[in-house]
1. So for VAL120, VAL16, fewest C-beta neighbours within 10 Å to most, what's the order?
2. For helix 78-89, what angle does its Cα long axis make with the longest principal axis of the chain, in degrees from 0 to 90 and rounded to 10?
3. Quick check on the exposure proxy: order ASP186, ASP115 from fewest to most C-beta atoms within 10 angstrom.
4. In nm², what is the average projected area of the convex hull enclosing the Cα atoms of the chain?
5. Calculate the spin-label point distance for ARG29 paired with VAL16, positioning each point 7 Å from the Cα along the beta-carbon direction, and give it in nanometres.
6. ILE54 to CYS136: extension gain in nm, 0.36 nm per residue of separation minus the Cα-Cα distance?
7. Does region 64-140 come out rounded, prolate or oblate, given a ≥ b ≥ c as the square roots of the eigenvalues of its C-alpha gyration tensor, rounded meaning a/c under 1.5 and, failing that, prolate meaning a/b above b/c?
8. Can you tell me the length gained on complete extension of the stretch MET177 to SER107, counting 0.36 nm per residue apart and subtracting the Cα distance?
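No value in this document is a laboratory result; all are computed from the given coordinates. A quick note: this is a predicted structure, and the numbers were derived from the prediction, not measured. Because the Cβ atoms are built from the backbone with ideal geometry, glycine has one as well, and the counts that use them run over all protein chains shown.
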Amino acid sequence: MFHTQQACPAGTTAYVIRAGDTFFSLARRYNTTVEAIMRANPGVDPNRLFIGQIICIPTTTPPPTNPCPILSMGSSGPDVTRLQHLLMSAGYNPGPIDGIFGSMTHSAVMAFQRDSHIAVDGIVGPRTWTALGVNCGTTPTPPPSTCPAGTRPYTIAAGDTYFTLARRFNTTVDAIMRANPGVNPDNLRIGQIICMPS
């Protein structure tokens with residue numbers, strides 16, 4: 001065998017993969033979490049474990065310091081690997097699951113944000129993590145819904161104009177303007193909440 005002995009960091013112990021092992025089964029056996037095992041093994045694909053492979057199993061599982069770090073183009077590391085796995089599970093192809101936030105991961109994030117109706121900026125923050133199913137430890141307080149009957153709140157994303165929104169939601173620019181008195185249609189901001197006629 002040409003496998004080299006992997007030096008495991010403090011707080012983890014080396015483990016040799018056997019037939020039938022998965023990160024899920026190991027997490028249950030060693031009273032830890034799949035996420036903790038993934039953090040201890042950046043660069044290891046949990047879907048491609050092989051017999052004889054050496055991984056690190058956390059012996060204690062301190063809570064992550066920040067379950068929802070801000071990630072953007074150029075970020076790298078185990079948090080990006082976790083993001084890439086979550087995007088893949090949600091049906092968005094982030095390219096290679098390599099822990100590098102490159103152009104394909106950026107495109108997948110933007111497509112996910114667009115489909116989730118959150119600000120499309122390609123930056124992964126608490127709203128994107130939450131939409132991916134991660135508990136960020138704090139529940140962001142939703143803005144009060146002050147939209148009148150017959151309308152619903154909508155969060156402005158990059159590229160939105162009243163014209164494009166009217167086409168997308170099968171309404172008119174005039175109807176959007178009536179539902180949003182006091183909002184300047186020429187000065188929409190990403191993340192701004194307006195009322196969309198329904």
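1. VAL16, VAL120
2. 70 degrees
3. Ranking ASP186, ASP115 by Cβ neighbours within 10 Å, fewest first, gives ASP186, ASP115.
4. Across all orientations, the chain yields a mean hull projection of 13.9 nm².
5. Inter-label distance under the simple model: 1.3 nm.
6. Full extension of this stretch gives 26.4 nm more.
7. Because a/c hits 1.5 or more and a/b fails to exceed b/c, region 64-140 counts as oblate.
8. The MET177-SER107 span can extend by a further 22.1 nm.
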